[in-house]
1. Any idea which of (1) without any contact (Cβ under 8 Å) to a residue 60 or more places away in the chain; (2) of a type in the set (D, E, K, R); (3) within 12 Å of chain B (Cβ to nearest Cβ); (4) open to solvent by 20 Å² or more (accessible area, probe 1.4 Å) is the one A:ARG133 doesn't satisfy?
2. In the range B:63-82, is there at least one residue being open to solvent by 50 Å² or more (accessible area, probe 1.4 Å), modelled with pLDDT of 70 or more and within 22 Å of B:VAL179 (Cβ to Cβ)?
3. Here is a list of conditions, (1) in contact (Cβ under 8 Å) with a residue 60 or more places away in the chain; (2) closer than 19 Å to A:LYS23 by Cα, and A:PHE44 meets all of them except one; can you say which number that is?
4. For the range B:13-31, give me each residue that is closer than 24 Å to A:MET66 by Cβ, part of a helix (DSSP H, G or I) and within 7 Å of chain A (Cβ to nearest Cβ).
5. Give the range A:158-175 a look and list any residue that's open to solvent by 60 Å² or more (accessible area, probe 1.4 Å), out of contact with any helix residue (DSSP H, G or I) (no Cβ under 6 Å at 6 or more places or on another chain) and away from chain B (no Cβ under 11 Å), or say none.
6. Can you list the helices (runs of 4 or more DSSP H) found entirely within the range A:6-100 that contain at least 1 residues being within 14 Å of another protein chain (Cβ to nearest Cβ) and open to solvent by 30 Å² or more (accessible area, probe 1.4 Å)?
7. Residues in the range A:176-186: is at least one within 12 Å of another protein chain (Cβ to nearest Cβ), assigned to a loop (DSSP other than H, G, I, E, B) and either open to solvent by 30 Å² or more (accessible area, probe 1.4 Å) or at pLDDT 90 or above (or both)?
8. Going by what's in this entry, would B:SER102 be described as over 30 Å from B:PRO202 (Cα atoms), modelled with pLDDT under 80 and among the hydroxyl-bearing types (Ser, Thr, Tyr)?
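The values are calculated or read from the model by the stated rules, or taken from the named source; none is laboratory data. No experiment lies behind these values; they were computed from the predicted model shown. A quick note on method: Cβ atoms are made from the backbone with ideal geometry, for glycine too, and the neighbour counts reach across all protein chains shown. Heavy atoms of the whole protein, side chains included, go into the accessibility calculation; ligands, DNA and RNA do not. Shrake-Rupley method; radii C 1.70, N 1.55, O 1.52, S 1.80 Å.
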Amino acid sequence: MLSIPLSWAGTLCPDQLMQHYQKTGASKWLDGLIQHCGDDLYHFILRQSDPALAQDICQQTWLKVMEKRHSFRADSRFKTWLFSIARNALLDELKRQQRWQSLICPDELAHPESQGLAVCPVARQQRFEQALRLLPFLQREALMLQLEGFSVGQISSITNELDETVKSRLRYARRFLQARLGEQNE
Amino acid sequence: MNKPTSSERDELQSLYQQAKQKHRMPAALKRQLLAECEARDKRPASWRSWWQLSQLVVGCAAMLLLLSWMPWSPTSDFYQIEVAASSDYRQVQYHRLAEPRSVLTQQAAREDRLQQLWQRQQEQLQRGQAIHTRTALLQQHESNWQLTMCDELQLNLSKELVAQLQLGQSIQPYGSQWVELELAATGQVLAIRATEQVLHCPQNKAGRASFGSGLAG
């Protein structure tokens, strides 16, 4: 196992890479994990905070992966574990900075007016990103996790919420985006 | 709201992926993390590895201690019996004690260790196995002892073994005499005592007379 060349590491999925990293602690496996999940995690945290905090949270998260690699359960999915660590670290930091209360608001507050306009791709991208920013924290979080490929069950696990709560947030978030991007998405 | 259609999912997914492309994890952060990982990988001893190492050392020490004091089993090679073919006897056996497996270099310490091993083995043999007695003719040749039971069996005991055996006071230091052997079921000699009993052997194949005729008493 130790003799697997680095080039092979690129062909392994994050769960396999984590198993190797858990056993050996060698940096090549962590490198593979960062290649696979680093950008996804950074983007997820960045959308929920700001660049400085996102870097800080990502650093904390990956350092925890190094420190706690032995506590990772082989039967769980690495990316779910990673995002759970990052999410908890982010919430702790936001609470510490007293930014948490201002970021959350009831789900039903996201009621944008429908734009209903056909726009060019660049404008659509900008509108999407703007709409994402405007979403309440918890709805945005749920939606981004789903767009990252997590199932409802995995999102529930990451956010410590019930499946129904997650589904509700996803529903509101999608409705909001749908309205912002226009009906032509249907 | 109805479930999102596949085209809506694709659209959102596409927009999300494009948004992600613009905000990648800073390369400096990646380098910093990998450097930290490499440093941890090369660091000789975290508290965890120290703990694991100390557990290993303690475990090995305990194992060595246990092995050094573990009683020898009767089947161990401490008491060795070699069997040889002979035209005069059905079986000839050479009994001797192996050197104790020990790093002890001082003679006194080695002898103590030998004594300990012997006692433990004897206790095991006497406790765990059926003991039987046999009459034999003892003949001493220098420091080696020879015990014969007609033409059936000849036992040759090494001087180290003789030194450890329980010898009755009536055993003569030289010459020939009838003795009673105490034997473990696996053949080890446990004790030798002088006896008045004489072993009458049937005529052997070479036409020799029984032992009894050649000895006084």
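1. (1)
2. Within the range B:63-82 (the criterion being open to solvent by 50 Å² or more (accessible area, probe 1.4 Å), modelled with pLDDT of 70 or more and within 22 Å of B:VAL179 (Cβ to Cβ)), the answer is yes, since at least one residue qualifies.
3. It is condition (2) that A:PHE44 fails.
4. Listed by number, the residues that qualify are B:LEU29, B:LYS30.
5. Selection gives A:ASN160, A:GLU161, A:LEU162, A:GLU164.
6. On the way: elements: A:6-9, A:14-24, A:27-48, A:51-67, A:78-96.
Those helices (runs of 4 or more DSSP H) span A:6-9, A:14-24, A:27-48, A:51-67.
7. Yes, some residue in the range A:176-186 is within 12 Å of another protein chain (Cβ to nearest Cβ), assigned to a loop (DSSP other than H, G, I, E, B) and either open to solvent by 30 Å² or more (accessible area, probe 1.4 Å) or at pLDDT 90 or above (or both).
8. Values: over 30 Å from B:PRO202 (Cα atoms): yes; modelled with pLDDT under 80: yes; among the hydroxyl-bearing types (Ser, Thr, Tyr): yes.
Yes.
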